[in-house]
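*Asks:* What follows is a structure written as structure tokens; I'll ask about it next.
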Amino acid sequence: MTLDQFDVAVVGGGAAGLSAALTLGRSRRSVVIFDAGEPRNAPAAEMHGFLSRDGLAPSELLQVGRGEVISYGVRFIGHTAAAVRGDVDTGFVVTAGNGTEIAARRLILATGVEDRLPAIPGAREAWGRFLLHCPYCHGYEVRDRPLAIFGGLPGAVGQALLIRQWTTDLTYVTNGMALAEEDRHKLLARGIDVREGAITALVLDGGRFDGIRLDGGHTVRVDAVFIRPPARPRTELIASLGGTLDASGFAHIDPSGRTSIPGVWVTGNLVDPRAQVITAAGHANAVAMEVNANLVDDDVHTALLALD
Ligand SMILES: Cc1cc2nc3c(=O)[nH]c(=O)nc-3n(C[C@H](O)[C@H](O)[C@H](O)COP(=O)(O)OP(=O)(O)OC[C@H]3O[C@@H](n4cnc5c(N)ncnc54)[C@H](O)[C@@H]3O)c2cc1C
């Protein structure tokens, strides 16, 4: 069976994947994009910090982006890319969850990350509404309100010192973890309360947030909680192609986003879990230009061989 052939297959249709597809579509490349439809910021009602689109619903940005890429002839497949095989010499074959197979000369992976939330009641329900990770995304919306930090995780003290920029009413809850004396001094010096105790639940009452429940049963009443959960990169496809990953599971890349697998690039949160929407889209735009330049080199090489 002859497969539909594309210059580039993009896996992941969030801000990064769509931005790469837009740049390549406008470069007159044939592009297919696969998307499982679970962007990281989906739980949030609003997207902030994207110049000219501040406060837009995350789903609306993607809907507009999908329309734009399709207008340049990009094929959108609303399914997971379940498997990838091949290499840069023979071409790559991508198989979608619905069985569709396509062939592509180059791959861009923009599959994002999965936030690993604490396994306590209320965490999943509160995520993106009352349990927040990024002050640049949501800090302004909860400014001057009583807030807490979910302590005990790597970077939690630094996060507390940062969030203090948005409110003076801040409590660092240790979650039963030891707090270094130096860190305690810094928190207290900035007027941040320190509350000892293990966190057993985040308490929601309908659409309202009550606060943090501690192991003794007491509830620390705050309007929102900031946390730095670990982020797991979705690198299954890179690993299946034999790409090298670092200890945290992120792909080894060069400054252009190229992985250790010739013909495969990565972008967006898959490269940098701290990238905001505008940063992820911007990085993907640069990666797309690299991929296009690589295809231009390939086209020249093929043309020269044809002359011999
Ligand atoms: C709760 C929350 C709120 C946020 N709020 C903001 C904000 O206000 N402003 C801001 O700038 N940033 C915000 N962010 C950060 C923002 O989510 C990221 O910057 C952005 O999502 C990164 O885009 P991306 O395209 O790299 O990844 P994603 O948006 O996560 O997109 C990845 C896409 O790939 C798909 N996918 C994964 N695997 C496959 C596969 N095998 N096949 C096909 N598709 C696949 C996923 O389903 C998803 O649609 C927030 C993050 C969170 C967690």
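Throughout, read-outs are computed from the coordinates displayed, never taken from laboratory work. Predicted model, so just to flag it, every value in this text is computed and none were measured. Here the Cβ is made from the backbone with ideal geometry for all residues, glycine too, and neighbour counts use every protein chain on show.
*Asks:* With angles folded into 0 to 90 degrees, how steeply does helix 58-71 sit against the dominant principal axis of the chain? Use alpha carbons for both and round to 10.
*Replies:* Relative to the chain, helix 58-71 is tipped by roughly 10 degrees.
*Asks:* Using only the alpha-carbon atoms, how far is helix 15-26 inclined from the longest principal axis of the chain? Give it as 0 to 90 degrees, nearest 10.
*Replies:* 30 degrees
*Asks:* For F50, F150, what's the fewest-to-most ordering of other Cβ within 10 Å of each Cβ?
*Replies:* Lowest to highest Cβ neighbour count: F50, F150.
*Asks:* How big is the gap, in Å, between the Cα center of the stretch 138-174 and the Cα center of the stretch 37-106?
*Replies:* If we compute the Cα centre of each part, the gap is 33 Å.
*Asks:* Something else about it: Under the rule of -39500 (n - 2.57) per DSSP H run of 4 or more residues, summed and divided by the residues of the chain, what mean residue ellipticity at 222 nm is obtained, to the nearest 500 deg cm²/dmol?
*Replies:* -8500 deg cm²/dmol
*Asks:* For each of I278, I192, count neighbouring Cβ atoms within 10 Å of the residue's Cβ, then give the residues from fewest to most.
*Replies:* Fewest-to-most ranking of I278, I192: I278, I192.
*Asks:* For the chain, state what percent of all Cα-Cα pairs lands in each successive 20 Å bin, counting from 0 Å until the bin that includes the largest distance.
*Replies:* 31, 48, 20, 2, 0
*Asks:* What's the exposure ranking of M289, M1, M47, going from fewest to most Cβ atoms within 10 Å?
*Replies:* M1, M289, M47
*Asks:* Once both labels are modelled 7 Å past Cα along the beta-carbon direction, what's the H252-V194 spacing in nm?
*Replies:* That separation, rounded to one decimal, is 4.1 nm.
*Asks:* For a Förster distance of 22 Å, can you work out the FRET efficiency between the beta-carbons of S240 and T302, rounded to the nearest 0.05?
*Replies:* FRET efficiency, S240 to T302: 0.20.
*Asks:* Calculate the translational D of the stretch 123-226 in whole µm² s⁻¹ from Stokes-Einstein, where the hydrodynamic radius comes from the Kirkwood formula applied to all Cα pairs, the temperature is 20 °C and the viscosity 1.002 mPa s.
*Replies:* 159 µm²/s
*Asks:* Looking at the chain only, what percent of DSSP beta bridges run antiparallel? Nearest 5 please.
*Replies:* Among the beta bridges of the chain, antiparallel pairing accounts for roughly 45 percent.
*Asks:* Can you pull the one-decimal nm distance between simple spin-label points at A83 and L162, each 7 Å off the Cα toward Cβ?
*Replies:* Taking the two extended label points, one gets 4.0 nm.
*Asks:* Can you tell me how much longer the chain between R184 and Y136 gets when fully stretched, taken as 0.36 nm per residue apart minus their C-alpha distance, in nm with one decimal?
*Replies:* Length gained, R184 through Y136: 14.8 nm.
*Asks:* On full extension of the chain, what length is gained from R145 through M177, given 0.36 nm per residue of separation minus the C-alpha to C-alpha distance?
*Replies:* My answer for the length gained is 9.0 nm.
*Asks:* So for the stretch 1-134, averaging the separation of alpha carbon pairs under 8 Å that are six or more residues apart and normalising by length, what relative contact order in percent results?
*Replies:* The normalised contact order for the stretch 1-134 reaches 32 percent.
*Asks:* Under 5 Å between amide H atoms, partner at least 5 residues away or on a different chain: which partners does F6 have, H built in plane at 1.01 Å?
*Replies:* Under 5 Å from the amide H of F6: A103, A104, R105.
*Asks:* Take the Cβ-Cβ distance between E125 and R221 as r, set R0 to 22 Å, and report the resulting FRET efficiency rounded to the nearest 0.05. Could you put the intermediate results ahead of the total?
*Replies:* Working: r = 18 Å, r/R0 = 0.80.
Computed FRET efficiency for E125 and R221: 0.80.
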